[in-house]
Amino acid sequence: MTLWAFIYWIIALLLGLAVVCFILYCGYIHYQHKKYDHIPGPPRESFFFGHSQSIQKSMSNDGLMYDLFLEWAQKYGHVVRLNMLHYVAVLVNSPEGVKEILMSSKYSKDWFYSNLFNLFGVRFMGKGLLSDRDNDHWHKQRRIMDPAFSRTYLIGMMGTFNEKAEELVERLAEKADGKTQVRMLDMLSKVTMDVISKVAFGMELNTIDDDQTPFPRAVSLAMRGLMEIRDPLFKYYFGNRKFIKDVQESVKLLRKAGKECITRRQKAIDEGDDVPVDILTQILKGAAQEEDCDIEDLLDNFVTFFIAGQETTANQLSFTVIELARNPDIMKKAQAEVDEVIGSKRDIEYEDLGKLQYLSQVLKESLRMYPTAPGTSRALEEEIVIEGLKIPPSVTVTFNSYVMQRMEEFFPDPLVFNPDRFHSDAPKPYFSYFPFSLGPRTCIGQVFSQMEAKVVMAKLLQRFELELVEGQSFDIHDMGTLRPMGGAMCRLRPRADSGTAKI
């Protein structure tokens, strides 16, 4: 056999193997279709790509794919099948399904959370609380972290909440002339970043007064990177190389800052200095209980808390500002309550927060319409029946709070901003409201987040009248978390009657 004949034979063999593999893959996709096609769902646009094209189309021009999921839920019911290549996901919009799966500890997070381990090849959240798929390991971490979110520690945060919120309103007061346009999303992102960095890690970033600090941009780029990894081909496009490099450098910056914090705190502990019982101390306490824990494992939770503790709260506050500004009657009622409870004092006390009931309702309604972290998913390893439908194992079951919280059957007039839904006398949502997830893997920082949000919002209502800029967009931007597309552009004016209004 000549050399060329041998080469041709090898090429023919490889082509034959490729054809066989292709046929086998097609057979596997067909098998997956037959296995799950009894579950209602929209028609597949493609044998191979399933619903991927519909989803990509819904996201074009900054569209929101969750609106498409909502449309499908309204059309096909409480259990909806989604196909993408050979993968199948089941979107569950059933309160009973939410109760059965999210409230149980036997269902682990699905393969999607593995994508959070690294970002374009740089370790990101690793095995932190959010991304850890091993329930036993997660439970150990959660148990160690719980003291950092105890009532005693949360009360101790009030000083920082007040300090940073006061710095925010002082800076906003310089722009409160009724004419200057203020991008509230940016200002609120700065205050939440200053809060989490100080109360969790002992860092004074002072981003409110320092526009040059690199951390806001680093967090923003990391979140944008999370969006782009949904496209498996994104990293191969030549035009994306600079963006990918910027994301990688941003993640490295966050982990470098975390390493410096951890090193300083560990030195203080070793020298017997008094240290706060904060998240950083708990991270180190957890490390001391694990033989194989290294610095990278510690940095996983630093990055997780730094991003999760800043991004979602800032977005919630921004959406709340938008809704209050376009619902003046609701804003006046919230201001009246703040005046009644807080008056003109500058330091809000922990006991005051419980008295701000209507403001609590406003914040809950904001999270109903705009759940900043809208989805979670679980791996189904055994057959289960939901709404009379058998769901075979080896499938992802996904839950979307944006979808369920905008369904008419659970929340009448769902597009109307109505804080009275959460009045103490109103019917309680039955496993259809879960902006912080539910069950054992509910967000550990939800009380922290809502305390911070209430302090910041109370101070804004105490000091200012809010007015949306003409042409303000009410669209939602998906950046891994949901944020207002237009940045919550407002004009502010000082309140002439601050501290005098009555409920």
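The values are calculated or read from the model by the stated rules, or taken from the named source; none is laboratory data. These numbers come from a predicted model, not from an experiment. With ideal geometry, Cβ positions are generated from the backbone for all residues, glycine too; neighbour counts draw on all protein chains shown.
Things to note:
- Test: Ile196 is in contact (Cβ under 8 Å) with a residue 24 or more places away in the chain, out of contact with any His (no Cβ under 7 Å at 6 or more places or on another chain) and outside any helix (DSSP H, G or I): no
- Among residues of the stretch 376-397, those that are free of Cβ contacts under 8 Å to residues at least 60 places away in the same chain and either surrounded by 16 or more Cβ atoms within 10 Å (Cβ to Cβ) or closer than 30 Å to Asp420 by Cβ (or both), counted: 0
- Out of Glu340, Glu409, sole residue that is without any contact (Cβ under 8 Å) to a residue 24 or more places away in the chain, farther than 27 Å from Gly487 by Cβ and surrounded by fewer than 17 Cβ atoms within 10 Å (Cβ to Cβ): Glu409
- The stretch 253-267, subset free of Cβ contacts under 8 Å to residues at least 60 places away in the same chain and among the hydrophobic types (A, V, I, L, M, F, W, C), residue farthest from Phe120 (Cα to Cα): Ile262
- Here the helices (runs of 4 or more DSSP H) wholly within the stretch 269-345 that include at least 1 residues being within 22 Å of Arg123 (Cα to Cα) are 279-288, 295-325.
- Selection of the stretch 1-40 for residues being outside any helix (DSSP H, G or I) and not acidic (Asp, Glu) yields Met1, Thr2, His38, Ile39, Pro40.
- Unique match (being exposed (fewer than 14 other Cβ atoms within 10 Å of the Cβ) and either of a type outside the set (Gly, Ala, Ser) or touching a helix residue (DSSP H, G or I) at 6+ places or on another chain (Cβ under 7 Å) (or both)) among Asp294, Asp300, Asp278: Asp294
- Number of the condition not met by Ile348 [criteria: (1) outside any loop (DSSP other than H, G, I, E, B); (2) over 20 Å from the mean Cα position of the chain (by Cα); (3) buried (at least 22 other Cβ atoms within 10 Å of the Cβ); (4) among the hydrophobic types (A, V, I, L, M, F, W, C)]: (1)
- In the stretch 424-445, the residue that is nearest to Ile322 (Cα to Cα) out of those that are in contact with a strand residue (DSSP E or B) (Cβ under 9 Å, 6 or more places away or on another chain) and part of a loop (DSSP other than H, G, I, E, B) is Phe434.
- Total residues in the stretch 86-117, condition surrounded by 16 or more Cβ atoms within 10 Å (Cβ to Cβ) and either at pLDDT below 90 or in contact with a Lys or Arg (Cβ under 7 Å, 6 or more places away or on another chain) (or both): 11
- Within the stretch 231-265, tally of residues that are among the acidic types (Asp, Glu), in a helix (DSSP H, G or I) and closer than 27 Å to Ile55 by Cβ: 1
- Here the condition is being within 30 Å of Tyr107 (Cβ to Cβ) and either β-branched (Val, Ile, Thr) or not in a helix (DSSP H, G or I) (or both); of Phe410, Phe448, Phe474, it holds for Phe410 alone.
- Residue match in the stretch 200-208 (condition: within 24 Å of Val456 (Cβ to Cβ), free of Cβ contacts under 8 Å to residues at least 24 places away in the same chain, buried (at least 18 other Cβ atoms within 10 Å of the Cβ) and touching a Phe, Trp or Tyr at 6+ places or on another chain (Cβ under 8 Å)): yes
- Selected residue (criterion: farthest from Gly41 (Cα to Cα)) from residues of the stretch 51-93 that are of a type in the set (Gly, Ala, Ser) and not in a helix (DSSP H, G or I): Gly63
- From Glu174, Glu166, residue being out of contact with any Lys or Arg (no Cβ under 7 Å at 6 or more places or on another chain) and at pLDDT 90 or above: Glu174
- Residues that are of a type in the set (S, T, N, Q), out of contact with any Lys or Arg (no Cβ under 6 Å at 6 or more places or on another chain) and at negative phi do not occur anywhere in the stretch 385-394.
- Being among the small types (Gly, Ala, Ser), in contact with an Asp or Glu (Cβ under 7 Å, 6 or more places away or on another chain) and farther than 18 Å from Leu116 by Cβ holds for only one residue in Ala268, Ala200, and it is Ala200.
- Among the residues making up the stretch 412-435, those that are touching a residue at least 60 places away in the same chain (Cβ under 8 Å) and closer than 25 Å to Ser377 by Cβ are Tyr430, Phe431, Ser432, Tyr433, Phe434, Pro435.
- Gly445 exposed (fewer than 15 other Cβ atoms within 10 Å of the Cβ) and either out of contact with any helix residue (DSSP H, G or I) (no Cβ under 9 Å at 6 or more places or on another chain) or closer than 30 Å to Asp132 by Cβ (or both): no
- Test result for Ser250, crowded, with 19+ Cβ neighbours inside 10 Å, within 23 Å of the chain's Cα centre (by Cα), touching a residue at least 24 places away in the same chain (Cβ under 8 Å) and within 27 Å of Val275 (Cα to Cα): no
- The single condition among (1) in contact (Cβ under 8 Å) with a residue 24 or more places away in the chain; (2) under 22 Å from the mean Cα position of the chain (by Cα) that Glu100 does not meet is (2).
- Count of the stretch 378-407 residues, restricted to those that are in a loop (DSSP other than H, G, I, E, B) and not aliphatic (A, V, I, L, M), is 10.
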